[in-house]
Structures are given as C-alpha cells and as structure tokens.
Amino acid sequence: MQLTFYALFAPFIAALFAPMLVRMFNHNAGWILAVVPALLFFHYTGFLPEIAGGGRVTGGVEWIPSFNVNFSWFIDGLSLTFALLITGIGTLIILYAAGYMKGHPQQGRFLSFMLMFMGAMQGLVLSDSFLMFFVFWELTSITSFLLIGFNHDKERSRRAAMQALVVTGLGGLSLLAGLIVIWNITGVSEISLLLGTGDTLRESPYYLAAFLLILGGAFTKSAQFPLHFWLPNAMEAPTPVSAYLHSATMVKAGVFLLMRMNPVMGDTVLWETVLPLFGGVTLLVGTWLAVRQTDLKLMLAYTTVASLGLLVMLTGFGTDKAIEGAVLYLIAHSLFKGCLFMVAGNVDHEAGTRDVTKLGGLMAAMPITFGAALLAALSMGGLPPFVGFLAKEEIYYGIAAADGWSMFITAVAIVGNALMLVIGFAVALKPFLGAKVETPKAAHEAPLLMFAGPLVLAVLGLVGGLLSGAFHKFFSSPMASAVAGTPLKIEISVVPHLGLALTLSLVTVALGVAMYWAMAWLRGRMANLLEAIGWGPDIGFDQFMQSLVKGAAALTRKIQTGSMETYVTIVFVALLVSLFGGLYKADEWPQIPEFPRLFVYEWAVILICVIGLFSVIIAKNRLTAIVSLGIQGFGVALLFMLMGAPDLAFTQFMVETLSVVILALVMTRLRLLPQDHRSNYQIVQDGLISLGVATALTLILLGVVQTEFDPTLTEFFNAYSYTIAHGKNIVNVILVDFRGVDTFGEIAVVMVSGLAILALIRIMPRKTNPDLPRSENTEEII
Amino acid sequence: MRTLIFRTVAPYFTSLMLIYSVFVLLRGHNEPGGGFIGGLIAASALAIYGIACGVSPVRRAIRFHPMAIAGFGLFMAAIAGIISLFVNVPFLTGLWIYPEIFGVELKLSTTLVFDIGVYLVVLGSITSTALALEERERD
C-alpha cells in the first residue's frame with residue numbers, strides 16, 4: 001500500500017533529475033528516465049489479479065483531518081487500466097521523446113515536463129479524494145500548457161498553449177464547482193464512497209447543476225464540439241506530446257470523469273440524451289474535418305476528437321454492451337492512436353515533411369515504421385484480428401436496435417467509423433505506398449528509440465485481439481464493470497460470429513474503402529464547405545478573448561480615472577453611507593452624553609487640538625496645513641497619555657511625526673502648487689463630506705462607550721499575560737505572542753507596501769519621445 | 001533645511017534616538033514599548049538624519065538597502081515562529097530560556113526574536129519610503 005504512495009510522487013521526482021541527467025548523458029538519459037514509468041507499470045500489474053477477481057483497493061494517509069480531506073487513492077478496474085496505459089505508454093513515449101528530441105538544447109526541460117505530466121495524469125486516475133482529483137486535473141492542464149507552448153519562440157505555439165489553458169482551465173473550475181455540489185448533496189468527498197451512494201445524486205433536486213458542471217469539466221478536457229478547437233491547435237507541440245497527451249491520455253481524462261460518474265449519475269434521461277447527442281455531433285464533425293486536412297498530425301488530431309465523441313456517445317448510451325464497446329474502444333484507441341502519432345513523427349523527422357500530399361513510397365526506406373503504421377491502421381479501421389475489431393463489434397452489439405434513436409446513433413457510428421478507417425489508411429498507407437516522391441530530407445529508417453514505441457503499441461493491438469480471453473479477463477471486463485457499476489463479462493473474440501454486428505462491420509468497411517478512393521474529391525468538397533461557412537469556434541475563441549481584453553480595458557478606464565480627488569471622495573462617501581446606514585439599520589443612536597468634567601490642563605490640550613484644526617482650515621498654503629494637522633495629532637496623543645494609555649500615546653506621537661515628515665516630502669516630490677486650488681463649490685462639498693464622516697464616527701464612538709463593557713478579554717489577558725507569556729505589558733504580549741500570527745501577517749503587509757511605494761516612487765516619467773507611438777513610451781515607463 | 005545648527009546636531013540626535021529605540025524595543029515586554037514603536041523611533045531618527053545631511057550619508061551609514069533590512073526582519077520573525085515547530089509546539093509559540101551571564105539572569109525568548117523582526121520591518125519599510133522621497137532627481 002505504501003508503495004503506491006511513493007508511486008504517486010515518483011514521476012515528479014524523476015522530473016526533478018531529468019535536466020541533470022540529460023546534461024550528463026545527452027539523449028541516452030531517456031533510457032534511465034524510462035525506468036521510472038516502467039517500474040510504475042510493473043507495480044500496477046501487481047494489482048491485476050486482485051482487480052480481475054472483482055476487488056477494489058483503497059489506501060491513503062490523512063492530509064487535513066480537520067476538514068476530512070485525505071491523500072487517498074482508489075484502484076478499481078477503471079483506474080487500474082488507465083494507470084497501466086499511462087505508465088506503459090509513458091515508458092515508450094519517454095524513450096521516443098529521447099530519440100525525437102535528440103540534440104535539442106532544451107531536451108532536459110522537455111523530458112522533465114513530460115514526466116511531470118505523467119505524474120499528474122497518474123494522480124488524476126488514482127485519486128480517491130475529490131480535492132486531490134481536482135488538483136491533479138488542473139496539474140494536467142498546466143503541464144499540458146507547458147508542453148504545447150514548448151516551442152515558445154513560435155507565436156502559433158504560444159497561442160495554442162494559451163487556448164488550451166483557457167479552455168481546459170475554465171473546465172477545471174467547472175469541475176471543482178461540480179465536485180463541491182456533489183460533496184454537498186451526498187456528504188462524501190471520496191470517489192470510492194461516492195460509488196456506494198446509489199440513487200442519492202440522481203434523485204437530488206440539484207442533479208441538473210451537478211450534471212452541467214461535471215459536463216463542463218469533461219467536455220472541455222475531452223474536446224467535445226463546440227469546444228474541440230483547442231485540440232487540433234495543440235498539435236503545435238512536439239510530436240511526443242501529441243502522441244501521449246493528445247491521443248492516449250490527457251484528452252481521455254474527460255471520458256474518464258464521465259465513466260467514473262456513470263454509476264451514480266448515469267441512467268437518467270438527461271444523461272442518455274445529452275451525452276450521445278454531443279458525442280455523436282463531435283464524432284461526425286471530427287471525422288469530416290479530419291478528411292479536410294493534409295497534415296498527418298492534424299488528420300490524426302481530428303480523428304482523436306471524433307474518437308472522444310464516440311466514447312462520450314457510448315458512455316451515455318445506457319446499455320451494458322455500449323459501455324463494453326466504449327471500454328474496448330478506449331483501450332484500442334490509446335494503442336493505435338499513440339502508435340500512429342509516433343509514426344507521423346517518424347515520417348516528419350526522417351522525411352522532413354508531414355504534408356500527406358508531398359509524401360509517398362517511403363516503404364522501402366522505412367520498413368519497420370511502415371509495419372507499425374499498417375498494424376495500427378488495421379486496428380483503427382476495425383479489421384480482424386485486432387483489438388479495434390473487437391471494439392467495433394461490441395459497439396454495434398451495444399447500440400443497434402430497432403427503435404429510431406438507436407438507428408440514428410448507429411448510422412452516426414457507421415459513418416464515423418468508416419471515416420476513421422479512411423483517415424487511418426490515409427495516414428498509414430499514403431506516405432509509404434505508391435511512387436517515390438522527392439522529400440525535403442533523404443528518408444531512412446528511424447533509430448531504435450523511435451521505432452520501438454510505435455512497434456510495441458501496434459503489436460499489442462494485435463496480441464490483445466488474438467488473446468481476447470486474457471485481455472478481457474484482466475483489462476476490459478473489470479474496467480467495464482467499474483464503469484457500469486455492476487459486474488460485466490465481455491466475451492467478444494475474433495472468431496467469426498455471424499449476425500447484425502458483423503453485417504454492420506462489413507458495411508462500415510465497404511463504406512470506408514469506397515471513401516478512401518474518393519478522398520481527394522471529399523477533401524475538396526469539405527474545403528469548399530468550410531470556406532462557405534467562414535466562421536468556426538477557433539475564430540470565435542479569438543473574438544471572445546479580444547472582447548474580454550477590450551471589455552476589461554474599458555471597465556478599468558471607467559472606474560480607474562486616475563484622479564486622486566475622485567478616489568478619496570468615493571472612499572469617504574462610502575464610509576459615510578455605511579456608518580450612518582449601520583446606525584440606522586441597527587437603530588442604535590447614542591444618548592447625548594452629559595457634559596464631561598475634566599481638569600483644566602485637559603481642557604487646555606483640547607483647546608490646542610481645536611486651534612490646530614482651525615489653522616488647517618485657514619492655512620494659506622499646504623505645508624502649513626499639514627503641520628497644523630500634526631498639532632491636532634500631538635494633542636490627541638497627549639490626551640491618550642493623560643488618560644492612561646502610554647503605549648497608544650507613544651505610537652501616536654511617532655506616527656504623527658512620521659506622517660508629517662512623509663506628507664511634506666511627498667508634496668515637494670510631486671511639485672504640488674503651494675496653494676490649494678479648489679473652487680468654492682468643491683470646498684463646500686468636501687467640507688460637508690468630512691463633517692458628515694466626523695459626525696458619524698463620533699456617534700459610533702459615543703455609542704460604543706455607552707454600551708456595557710464586556711471584561712472577558714481584559715480579564716483573560718490580565719490573568720494570563722504574565723503567567724503564560726512572561727510579559728507585563730499586555731499590549732505587547734498580545735502583539736508578539738497571543739496574536740503573533742496576526743502581527744506576522746501585518747509586518748508582511750508593511751513590507752510589501754514598502755516595496756510597492758518604492759516602486760511607485762521609482763517610476764520616473766521619462767521624457768516622451770514624440771517619434772514613438774504612445775504605447776511604446778508607456779512601456780518604457782513601466 | 002540645511003542649516004548649520006541642524007546639520008551639526010542631527011548626527012548626535014540620530015544616534016541618541018537610535019539607542020533609545022533599541023531601549024524601547026527591549027523593554028517592550030514589561031513596560032510601554034516594543035518592536036513597532038521602536039521601529040518608528042528608529043525610522044524617524046534616520047529620516048531626520050536624511051533631512052539634515054542628505055540621503056547618501058544615510059545610505060552609507062546603514063550599509064544595507066532599507067528594504068533588505070525589512071526583508072531580514074520578516075525572515076527573523078518567520079524563523080522565530082519556525083523554531084517552535086522543532087519542539088513540536090504550534091507555529092509561533094513563545095519559547096523561553098534563562099541563561100546567566102556574569103551573574104545576571106537574562107530572559108531570552110523567541111518572542112524577543114519576533115519583536116526584533118517587527119522592529120526591523122518597520123524601520124526598513126518606512127526608511128525606504130522616506131529616503132526614496134528625500135532623494136531628488138535620480139539619474
């Protein structure tokens with residue numbers, strides 16, 4: 001159990017050492033770093049027998065016990081299969097990345113990011129506690145941002161990274177809100193416990209809110225239409241990233257979330273309508289847009305969008321077979337899509353282009369890569385005896401039925417699958433077969449580091465199909481059971497079985513082959529259609545961001561006028577309203593106090609204060625006014641001392657002195673006019689506001705003095721200040737001991753404001769250069 | 001403000017005030033005083049010195065950038081709190097020792113360290129502001 005605890009941190013620790021190892025061993029560091037995910041993979045295989053037997057493993061340590069938040073993990077069929085995919089494919093990807101990025105000056109950083117992402121993804125699927133789940137979810141968004149923007153000197157990369165972060169980040173917030181809603185409805189904050197709450201969630205009046213918020217998280221992460229646009233743009237990332245994050249793992253996090261929630265949120269009309277609808281649309285849009293592309297990676301990216309749509313559609317369809325199909329397809333997709341991306345990377349790396357129209361006849365030069373590509377494409381096309389075939393058969397078993405909705409969904413699935421086959425073959429066959437085309441680089445086979453990954457994945461897709469019994473026993477059946485919430489047993493195999501599903505498969509294949517031959521024509525049609533529409537969510541995103549920035553700027557201009565007088569007026573009017581409002585609302589007007597009986601010298605001090613204030617008002621220039629205000633301050637300090645508050649008096653003296661000094665310095669610094677320039681109207685207005693605030697404060701203070709004094713705190717500090725804190729000066733003891741943390745925060749604030757003031761003073765408006773546009777001049781000042 | 005008398009008196013005045021500020025800081029636990037007020041006194045001492053003799057003598061005299069002094073103060077306050085964690089009591093719990101030096105019992109505590117931290121933060125932040133304002137045109 002404790003081993004899993006360390007497993008959750010292992011990739012992050014490896015990430016720490018990656019740059020150092022790369023400096024020492026160059027690209028061969030990949031061999032060392034890949035050991036970490038490989039060990040994790042073997043660690044998780046150890047759970048297989050227990051999970052296959054229907055078991056569930058939980059464990060963890062207390063994190064914040066007072067909030068009932070734990071650092072806990074939960075392993076069942078769903079999370080185990082995901083963990084194995086993440087660590088298994090992760091091992092191959094690290095090796096691949098080592099070869100692909102060989103000689104890149106920032107390879108260490110790249111491998112470090114990849115390992116961090118792996119840690120985040122692993123944590124995401126294994127998390128039991130909601131908060132952990134959310135934290136890892138956001139970590140995948142952040143690491144994905146770093147990876148997409150890896151080529152940060154390219155503007156397109158930066159835009160794609162920002163776009164992915166904004167979309168998935170917003171989804172993450174939606175997820176957090178959703179989890180909190182679920183937490184409130186069910187009262188549990190752990191997934192393992194949530195799965196045991198039965199119908200609580202479904203019957204709650206807040207089901208809709210939870211449903212929409214969770215969907216917000218899942219649909220952004222899994223790139224469902226119309227939020228799919230960030231995924232193709234993310235292809236700006238180096239190919240290992242696309243192969244790992246944007247096909248096999250991260251984008252499946254949304255599907256993972258839906259599958260996780262299926263036992264407690266599924267089986268409602270809402271669930272079974274919205275999911276298939278959005279999934280189906282995404283499937284069709286994704287495949288049709290894929291046909292349009294000529295870049296190998298973009299073609300694959302759009303089919304990934306389509307596959308995610310298919311998975312969402314199946315998860316929401318509601319039959320057990322559909323879930324089995326979804327599970328099989330998810331595993332198959334991770335294998336063949338990861339492989340095909342790496343193949344695309346190899347072609348790009350060795351031939352120098354990814355444009356499918358400029359490639360051809362590479363088979364002789366790159367036989368191993370071609371082999372891997374062919375196997376993967378056959379699996380993607382759903383041909384026997386590959387895992388993809390099992391998936392497709394099971395999908396048709398799951399959704400084909402006589403009613404209208406099922407027939408509609410089936411039709412969608414057939415068209416989608418046929419187009420998937422088209423793209424699979426276009427990526428795997430077109431660059432390798434036919435006449436040799438002149439490529440920017442003289443192509444030759446990729447090195448071992450780079451063909452190992454795709455080959456292993458492609459072969460696994462074949463082995464899984466052939467040994468379907470063991471495959472189902474250890475992977476697909478436990479996973480499907482976890483998704484359905486009831487034990488399921490998958491039995492599909494490659495042995496021919498006549499029936500509806502096989503017929504539909506044949507239709508799909510026939511349709512696919514037909515469309516493959518007509519691909520050039522289809523591509524032209526799609527291009528014309530898209531041109532006719534002219535607008536897409538991708539452009540919409542830019543418009544959204546632009547209007548956001550413009551709106552923020554307009555709002556700032558409106559409320560931040562830059563005039564100090566306006567700010568001060570607003571602050572004091574607000575103070576006035578809230579003080580009087582409070583007194584009025586509570587109806588606690590003070591009684592008029594009796595005339596105070598003071599000593600003569602106390603009267604004298606008060607007189608000094610009044611004289612000080614009077615001279616502030618009549619002062620001819622500002623400096624005199626500031627100093628006169630100081631007189632009043634000193635008078636009050638004197639009163640504090642006479643009334644028995646030496647600490648307060650002491651501080652008041654110092655604060656008065658320093659504020660007079662600093663105010664005077666500010667005045668000279670800002671080169672203010674010595675005279676006040678306010679108009680009579682403004683003088684009256686300001687005078688009224690200050691009189692109002694003064695009256696309100698006086699009333700409040702009188703009211704406070706007139707209420708009965710609660711001596712609890714005084715007694716407490718009197719009694720304990722010396723016995724506990726060894727100090728007789730209660731004020732100081734409170735500051736440095738009883739409320740020490742408060743003071744700590746306050747001095748931090750003092751220091752930060754000191755820094756801010758320093759920065760403000762140091763901003764010297766340089767002489768504006770009239771030749772430069774305004775914005776550049778401002779930048780200089782900042 | 002560069003009158004001869006002021007300029008002659010200011011250094012003595014400043015040193016007296018600085019000594020007094022330390023005195024106020026140290027007596028704070030039992031008598032009126034403490035880190036905050038001590039820091040204010042020290043800051044005004046330096047402000048006076050600056051007004052009388054100009055900014056660069058002050059900067060030379062205190063050797064470090066005032067913000068660095070403030071930063072060190074915040075660091076000290078944090079350390080005072082963290083020491084408590086090592087003896088398994090909550091953050092910022094006061095710890096006391098009573099060593100005897102030359103036959104006099106001294107009461108030393110982490111709260112004293114904390115208070116010195118407060119003193120330095122207040123001194124540094126305000127001095128930094130005052131000095132920056134006193135400085136005429138830069139460059």
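The values are calculated or read from the model by the stated rules, or taken from the named source; none is laboratory data. Everything quoted here is computed from the prediction, not taken from an experiment. Positions of Cβ are backbone-derived with ideal geometry, glycine not excepted, and every protein chain shown enters the neighbour counts. Side chains are part of the model used for accessible areas, which takes the heavy atoms of the whole protein and leaves out ligands, DNA and RNA. Shrake-Rupley method; radii C 1.70, N 1.55, O 1.52, S 1.80 Å.
Looking at region A:335-343, is at least one residue surrounded by fewer than 24 Cβ atoms within 10 Å (Cβ to Cβ) and under 35 Å from the mean Cα position of the chain (by Cα)? No - not one qualifying residue is present in region A:335-343. Residues that are more than 14 Å from every other protein chain (Cβ to nearest Cβ), crowded, with 17+ Cβ neighbours inside 10 Å and closer than 28 Å to A:Ile730 by Cα within region A:599-635 comprise A:Val605, A:Gln632, A:Gly635, listed in sequence order. Scanning region A:713-729 for residues that are open to solvent by 50 Å² or more (accessible area, probe 1.4 Å) and either more than 9 Å from chain B (Cβ to nearest Cβ) or out of contact with any Asp or Glu (no Cβ under 9 Å at 6 or more places or on another chain) (or both) gives A:Leu713, A:Thr714, A:Glu715, A:Phe716, A:Asn718, A:Ala719, A:Tyr720, A:Tyr722, A:Thr723.
Close Cβ contacts (under 6 Å, 6 or more residues apart or on different chains) running from residues in region A:322-337 that are closer than 16 Å to A:Ala243 by Cβ to residues that are outside any helix (DSSP H, G or I) and open to solvent by less than 10 Å² (accessible area, probe 1.4 Å) are absent.
Within region A:695-712, if we keep just the residues that are loosely packed, with under 11 Cβ neighbours inside 10 Å and within 29 Å of A:Gly740 (Cβ to Cβ), the residue that is farthest from the other protein chains (Cβ to nearest Cβ) turns out to be A:Asp710. Only a single item in (1) open to solvent by less than 10 Å² (accessible area, probe 1.4 Å); (2) under 30 Å from A:Val507 (Cβ atoms) is not met by A:Met366, and it is number (2).
Taking the criterion of being assigned to a helix (DSSP H, G or I) and open to solvent by 10 Å² or more (accessible area, probe 1.4 Å), the residues of region A:290-318 that qualify are A:Arg292, A:Leu298, A:Tyr302, A:Phe317.
The sole residue among B:Thr111, B:Thr127 that is in a helix (DSSP H, G or I), buried (at least 24 other Cβ atoms within 10 Å of the Cβ) and within 8 Å of chain A (Cβ to nearest Cβ) is B:Thr111. If the requirement is being under 39 Å from the mean Cα position of the chain (by Cα) and free of Cβ contacts under 8 Å to residues at least 12 places away in the same chain, which of these qualifies: A:Ala470, A:Ala482? The unique qualifying residue is A:Ala470. Taking B:Ser84, is it within 11 Å of another protein chain (Cβ to nearest Cβ), assigned to a helix (DSSP H, G or I), within 16 Å of the chain's Cα centre (by Cα) and of a type in the set (Ser, Thr, Tyr)? Taking the combined requirement at face value, the residue does not satisfy it.
Is at least one residue of region B:15-30 part of a loop (DSSP other than H, G, I, E, B), touching a residue at least 12 places away in the same chain (Cβ under 8 Å) and in contact with a Gly (Cβ under 7 Å, 6 or more places away or on another chain)? Scanning region B:15-30, I find at least one residue that is part of a loop (DSSP other than H, G, I, E, B), touching a residue at least 12 places away in the same chain (Cβ under 8 Å) and in contact with a Gly (Cβ under 7 Å, 6 or more places away or on another chain), so the answer is yes. Tell me the helices (runs of 4 or more DSSP H) entirely within region A:675-759 that contain at least 3 residues that are within 30 Å of B:Gly73 (Cβ to Cβ). It comes to A:712-720, A:730-733.
Figure legend. Inter-residue proximity from region A:50-64: first residues in contact (Cβ under 8 Å) with a residue 40 or more places away in the chain, second residues open to solvent by 30 Å² or more (accessible area, probe 1.4 Å) and of a type in the set (A, V, I, L, M), beta-carbon distance below 7 Å, spacing 6+ or different chains. Indicated pairs: A:Gly59/A:Met1. Summed over region B:81-139, the residues that are at pLDDT 85 or above, in contact with a helix residue (DSSP H, G or I) (Cβ under 7 Å, 6 or more places away or on another chain) and aliphatic (A, V, I, L, M) give a count of 13. The set of residues in region A:197-233 being among the aromatic types (Phe, Trp, Tyr) and assigned to a loop (DSSP other than H, G, I, E, B) consists of A:Tyr206, A:Phe225, A:Phe229. Residues in region A:734-747 that are more than 7 Å from chain B (Cβ to nearest Cβ) and open to solvent by less than 50 Å² (accessible area, probe 1.4 Å) were compared, and the one that is farthest from the chain's Cα centre (by Cα) is A:Ile734. Among residues that are free of Cβ contacts under 8 Å to residues at least 12 places away in the same chain and charged (D, E, K, R), A:Glu491 is not included. For region A:101-148, a residue qualifies if it is within 21 Å of A:Thr220 (Cβ to Cβ) and touching an Asp or Glu at 6+ places or on another chain (Cβ under 8 Å), and the qualifying residues are A:Phe130, A:Ile148. When only residues in region A:182-196 that are free of Cβ contacts under 8 Å to residues at least 60 places away in the same chain, under 16 Å from A:Arg260 (Cα atoms) and part of a loop (DSSP other than H, G, I, E, B) count, which is most open to solvent (accessible area, probe 1.4 Å)? Ranking the candidates gives A:Gly196 first. On inspection, A:Val750 fails the criterion of being at pLDDT below 85 and either within 29 Å of B:Pro66 (Cβ to Cβ) or more than 10 Å from chain B (Cβ to nearest Cβ) (or both). Counting the residues of region B:44-72 that are of a type in the set (Ser, Thr, Tyr) and either free of Cβ contacts under 8 Å to residues at least 12 places away in the same chain or open to solvent by 10 Å² or more (accessible area, probe 1.4 Å) (or both) gives 2. For region A:385-500, the helices (runs of 4 or more DSSP H) that sit wholly inside it and include 3 or more residues that are open to solvent by less than 10 Å² (accessible area, probe 1.4 Å) and farther than 20 Å from A:Leu311 by Cα are A:404-428, A:448-466. Within region A:11-29, being in contact (Cβ under 8 Å) with a residue 24 or more places away in the chain, surrounded by 14 or more Cβ atoms within 10 Å (Cβ to Cβ) and under 28 Å from the mean Cα position of the chain (by Cα) holds for A:Pro11, A:Phe12, A:Ala14, A:Ala15, A:Ala18, A:Pro19.
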